[in-house]
Amino acid sequence: MSYTYIEVTKQIKPYIGLIRLNRPKELNALCLGLMDELVLAFRDLDSDSEIRCIVITGNERAFAAGADIKEMAGKTSTDMLQVDQFSKWEAIKNVKKPIIAAVSGFALGGGCELTMLCDMIVASESAQFGQPEIKIGVIPGAGGTQRLTRAIGKARAMELVLTGRFISAQEAYDAGLITRVVPVELYLEEALSLAQKVAAMAPIAAQLAKESVNAAFNSHLDEGLRLERKNFYLLFATEDQTEGMEAFVEKRPPLWKGR
Ligand code: HXC
C-alpha cells in the first residue's frame, strides 16, 4: 500500500510494524488525509499475523502538533458534524495489538490525544505534551478531556486544558502520562526495544492483556474484574498457554504459535 502522509515499515524488527507520520513541514499536523491513511495502516497491521506490536512515531521536532488548524479554520459546526472526522479515531482505539508511541518534540492537541490512544508512550527528553486548543477558541475533541484526566488526574488535566500550557517529558513522566523518558537520540530505539519485548510474549495473551487493562478506564471495578477473569480463562483455550506452562516446567524458552 502506498501512502502520502505517512510511511509504514513492516518488520522493522521481527514482528514489529512502524508507522511514521510524515508531514514534517507542517509539524505532522493531522489533516483528514493523514488520518484516513493512519486508520488504513492500523487496520492493515492489526490484521497481519506476522505483526505483534505496532510503533508509531513522527520526527525529532514533532510527533504531531495537533489537528490541521488551516484545514479546520473555515469550517462551520455543520461541516464538522457532517465530516465527523474524530469518529474515525475510534478505529485506532479498537486496534487489538499493543501500540507504542515514540514521541519527540511536540505532541499537542490531537497529537497528544493520539499518543493517549496508544498503550505505552516512550518520549525523548525534548518531547512536549499539551492540549492547547483553548488558545484557538476550542477544546480537545478526540479524547483529551477524558483520557488526560484519567491519566494524570483532574487537578493537573484541568490546568493543561484551561491554560494550554505544555509540559515537558519529565513532567509528563512524573504525572504518570508516559512510560519512560530517554535521551533524544534513543527514543525510537527504546520504543522498538520495548516493542520487541512485547512481541516476544504470547500474541493472544498480549492482546487480551491490552483489552483487560483498557477495561479499567471504561468500566466499574466489578465489570473490569469479570472481563479480566474471563480473558484469563479464555487463554486456557490457546496452544500458547499449554506451551508457556510446559516450557516453564521443562526450564526452556517457549515457542509461541499465536494460537
Ligand atoms: C496546521 C500547523 C500546525 C497545526 C504547526 N503548523 N502546527 N499547521 N495545523 N496544528 C505549521 C505552522 O503553521 C508552520 O507552517 C509550521 O507548521 C511550523 O510551525 P511554527 O509555528 O512556525 O513553529 P514554531 O514557532 O516552532 O511553533 C511550534 C508550535 C506551533 C508551538 C507547535 O506551531 C503551534 O502552536 N501549533 C499549533 C498547536 C495547536 O494549537 N494544536 C492544537 C490544534 S487543534 P507555515 O507554513 O506557517 O510556516 C486540535 C484539535 C484536536 O488538535 C481535536 C482532535 C483531533
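Among residues of the stretch 244-256 that are free of Cβ contacts under 8 Å to residues at least 12 places away in the same chain and under 24 Å from GLN207 (Cα atoms), those with a beta-carbon under 6 Å from a residue that is open to solvent by less than 100 Å² (accessible area, probe 1.4 Å) and part of a loop (DSSP other than H, G, I, E, B) at least six positions away or on a different chain give the pairs ALA247/PRO254. Just one of the numbered conditions (1) over 22 Å from LEU208 (Cβ atoms); (2) open to solvent by 40 Å² or more (accessible area, probe 1.4 Å); (3) touching a residue at least 60 places away in the same chain (Cβ under 8 Å) is not true of ASN22: (3). In the stretch 137-155, the residue that is surrounded by the fewest Cβ atoms within 10 Å (Cβ to Cβ) out of those that are part of a loop (DSSP other than H, G, I, E, B) and in contact (Cβ under 8 Å) with a residue 40 or more places away in the chain is GLY141. For beta carbons closer than 9 Å, sequence separation of 6+ or different chains, a first residue in the stretch 26-47 that is more than 11 Å from ILE6 (Cα to Cα) and of a type in the set (Phe, Trp, Tyr) and a second that is open to solvent by 10 Å² or more (accessible area, probe 1.4 Å) and within 15 Å of the ligand (Cβ to nearest atom), the qualifying pairs are PHE42/ALA91.
With respect to the conditions (1) among the aliphatic types (A, V, I, L, M); (2) touching a Leu at 6+ places or on another chain (Cβ under 7 Å); (3) within 13 Å of the ligand (Cβ to nearest atom), ILE100 lacks only one, and its number is (3). If you filter the stretch 108-136 down to residues that are open to solvent by less than 10 Å² (accessible area, probe 1.4 Å) and near the ligand (Cβ under 10 Å from one of its atoms), you find that the one that is nearest to the chain's Cα centre (by Cα) is LEU114. Within the stretch 25-52, restricting attention to residues that are in a loop (DSSP other than H, G, I, E, B) and within 13 Å of the ligand (Cβ to nearest atom), the residue that is most open to solvent (accessible area, probe 1.4 Å) is LEU27. Residues that are in a helix (DSSP H, G or I), in contact (Cβ under 8 Å) with a residue 60 or more places away in the chain and buried (at least 24 other Cβ atoms within 10 Å of the Cβ): does the stretch 53-60 have at least one? Scanning the stretch 53-60, I find no residue that is in a helix (DSSP H, G or I), in contact (Cβ under 8 Å) with a residue 60 or more places away in the chain and buried (at least 24 other Cβ atoms within 10 Å of the Cβ), so the answer is no.
For the stretch 161-193, a tally of residues being outside any loop (DSSP other than H, G, I, E, B) and away from the ligand (no atom under 12 Å from the Cβ) returns 23.
The values are calculated or read from the model by the stated rules, or taken from the named source; none is laboratory data. What you are looking at is a predicted structure, and each value in this text was computed from that prediction instead of being measured. All Cβ positions, even for glycine, are placed from backbone atoms using ideal geometry, and neighbour counts span all protein chains on display. All accessible areas refer to the heavy atoms of the entire protein, side chains included, with ligands and DNA or RNA removed. Shrake-Rupley method; radii C 1.70, N 1.55, O 1.52, S 1.80 Å.
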